[in-house]
Amino acid sequence: MAELIEIAGRLEGLHLFSDRASGLRAVIAVHDTRRGPPRGGTRLRAYPSLAEAADDAARLAQGMSYKFAVHGIPYGGGKGVILQDAAGASDRDLLEERLRAYGRCLERLGGHFATGPDYGITSREVDVIREVTQLAIGEHGSQAGPATAAGVRVCLEAGFARLGLELAGRRILVQGVGTVGGPLARQLLAADATVLISDPSPAGAALATELGLELVEPQDALRADVDALAPCATGQVFDAEAIANLRCRLIAGAANDQLVGGSAAAEALAAREVLYLPDFVVNGGAAVLLTARLERGSEPEVQIAEARIRATIAEVLRRADRGLTPYAAALELAEERLAQAV
């Protein structure tokens, strides 16, 4: 209980839900609503404890607040987590019962938090949640994955330019080739980069075969001899050991919450002369696209997201010229925009 109280102290709201009939256990964290109502994806994964699930939700909700703020999007940060277990993983009917129960939990918050896909949650799961609530937003007809991938590509271009290099001809490893990593690999190939991928799923092997790409074993991904890493799977990947073994010069990827230790990890990367571009800047393409769609009432072009990400990363790197890491510069920009919303 003490852990949960400490976690709640970093947030505007921490909501714990359970459903006896289905066995659902879920957490919704709301970090900051100064810019607008909270939005953020819901993830489905196994956690050792409820406290660790809540801590993950809290960190991810904070990342959403910063993502919306740096890109000038009028939402606050939130995140949902559904705790997975062996029963839910093996029984689709049971999982769907839990998803409907989760939808009812969203309704109990009175429309305060709206959510969408994240790790472990695809449009298929969102469709089930939408049977009981309209507070889950799917990806029907959208270009969320390609838009996020375009933002990553733009940031890789900006990062290489800062290093005095061009994207074309660079060796880039994409870690995770799901809805973002797959389109990213294709976009990088189209830009004449040399692409390697790492993904233990059948989709990874299939994409490597289709595109003729080198497939790197997961345990070797973070120490691959490449120009850049684009982590597009789970977060919390760059701890002290991983940083010490890096052989790349640039990191820019779509995975949320990549740094173990936040600012200290960013400083450690800078000390190793690795340019780290903050995930909450790099992965904002889908959020920008959704906002543009709501404003226009129609599906906007991916180029809208690409242009916004390009402008934001340029501002972050401009601020970094004052001797800040890009991570610190992005936090500064986010906090300024949150304060302006009061």
*Write down the accessible area per residue of the stretch 72-169 in Å², having rolled a 1.4 Å probe over the full set of protein chains.*
39
*Could you state the number of Å between the C-alpha centres of the stretch 120-134 and the stretch 228-242?*
28
*To the nearest 10 square angstrom, how much accessible area does Arg130 have with a 1.4 angstrom probe?*
80
*asked:* For the stretch 1-139, give me the percentage of DSSP beta bridges that are antiparallel, rounded to the nearest 5 percent.
replied: 65
*Can you give the Kirkwood hydrodynamic radius of the chain from its Cα pairs, in Å with one decimal?*
20.2
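Do the sum for the chain: with -39,500 (n - 2.57) for every DSSP H run of n ≥ 4, divided by all residues, what is the mean residue ellipticity at 222 nm, to the nearest 500 deg cm²/dmol? Intermediate results must be reported in sequence, preceding the final value.
Values: 14 runs with 160 residues, N = 342.
Roughly -14500 deg cm²/dmol at 222 nm, from the helical runs in the chain.
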*Please list the non-local residues whose amide H lies under 5 Å from the amide H of Gly253, H modeled 1.01 Å from N, same-chain partners needing a gap of 5 or more.*
none
*Report the far tail of the P(r) of the stretch 91-244, meaning the percent of Cα-Cα pairs longer than 20 Å.*
58
*Can you list the residues, at least 5 places off or on another chain, whose amide H is less than 5 Å from the amide H of Gly76, using H built in the peptide plane?*
Gly36, Arg39
_If I ignore ligands, DNA and RNA and count only protein heavy atoms, how much of Val177 is accessible to a 1.4 Å probe, in Å² to the nearest 10?_
10
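Where Rh denotes the Kirkwood radius from the mean inverse Cα pair distance, what is Rg over Rh for the stretch 174-289?
Details: Rg = 13.6 Å, Rh = 14.3 Å.
That ratio is 0.95, to two decimals.
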*What nm value, rounded to one decimal, do you get for the distance between Thr209 and Arg162 when each label is placed 7 Å out toward the C-beta?*
3.9
_Accessible area (Å², 1.4 Å probe, nearest 10) - Ile5_ = 110
_Counting all C-alpha pairs of the stretch 4-147, share separated by more than 20 Å (%)_ = 43
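Ordering Met64, Met1 by how much accessible area each has at a 1.4 Å probe, largest first, what is the list? Write down the numbers at each step before the final one.
Details: Met64 15, Met1 165 Å².
The residues order as Met1, Met64, largest area first.
The values are calculated or read from the model by the stated rules, or taken from the named source; none is laboratory data. This one's a predicted model, so the numbers in the text were calculated from it and none came from an experiment. A quick note on method: Cβ atoms are made from the backbone with ideal geometry, for glycine too, and the neighbour counts reach across all protein chains shown. Heavy atoms of the whole protein, side chains included, go into the accessibility calculation; ligands, DNA and RNA do not. Shrake-Rupley method; radii C 1.70, N 1.55, O 1.52, S 1.80 Å.
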